[in-house]
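To start, the structure under review is shown below, and the notes come after it.
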Amino acid sequence: VIGQLPAGGGGTQMARFIRIGGVPYVLGVDESIAGAVATLTDVSDIDTPRLVSRLMLEVHDSNPRVQYPEGNDTPIFGYDSHYCTEDDPQDTTAIACAYFQSGVRVFDVRDPYRPREIAYYNPPAHPGRKAGSAFALTGTCTEVDWATAHSRFRADRRELWITTQCNGFQILRFAAGVWPQG
């Protein structure tokens, strides 16, 4: 072990090496505990990696143990992060993260110490539809869809390509000026 930083949420899901403004970072994701979020860790000094920010939703900011809404029948995972994808690993400006019941969130990370959410998409629900996966451990869609997969940025088209558990493949278009940033 050369350097180490303890996991911050539940179970570490993934880690990706990226560069923001020429500085190397690890984009990490924790899951499986309410409030688990994505993180940016500065690894410019590999012996002492430094957590510089968390890609949080507003619900995480005020309460480290998120409370689920009344009537929510799928509290497993809830608002936790899952997979995140950068727009360009060599010159990252934006990161899209799947947040289970909170859909897909896109963050401007040009200032990695102060990431800010610039776009989101919550896919429509399809109660009763049979999912193409083991959605909610039952295989049947409920009042929410789960965003759990890596997204793909398409700068040439101002698009984000995603899949969700109950809606499948979807293409989202950013409004002019949102992404790519000018």
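Values computed for the structure shown
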{"item": "Low-density loop positions, chymotrypsin sites (Phe, Trp or Tyr not before Pro), the range 89-166 - DSSP coil, at most 13 other Cβ in 10 Å", "result": "Y113"}
{"item": "Rg [Å, one decimal], Dmax [Å, integer] - the range 71-168, C-alpha atoms", "result": "14.2, 43"}
{"item": "Estimated translational D of the range 97-138 in µm²/s (Stokes, Kirkwood radius over Cα pairs; 20 °C; 1.002 mPa s)", "result": "172"}
{"item": "I118 accessible area, assembled protein chains, probe 1.4 Å, Å²", "result": "40"}
{"item": "Surface per residue (accessible, 1.4 Å probe) for the range 90-182, Å²", "result": "49"}
{"item": "Solvent exposure ordering (accessible area, 1.4 Å, most first) of H150, H126, H82", "result": "H150, H126, H82"}
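The values are calculated or read from the model by the stated rules, or taken from the named source; none is laboratory data. These figures come from a predicted structure and were not determined experimentally. Neighbour counts run over all protein chains shown; Cβ positions are idealised from the backbone, glycine included. Just the protein is used for accessible areas: all its heavy atoms, side chains included, with ligands, DNA and RNA removed. Shrake-Rupley method; radii C 1.70, N 1.55, O 1.52, S 1.80 Å.
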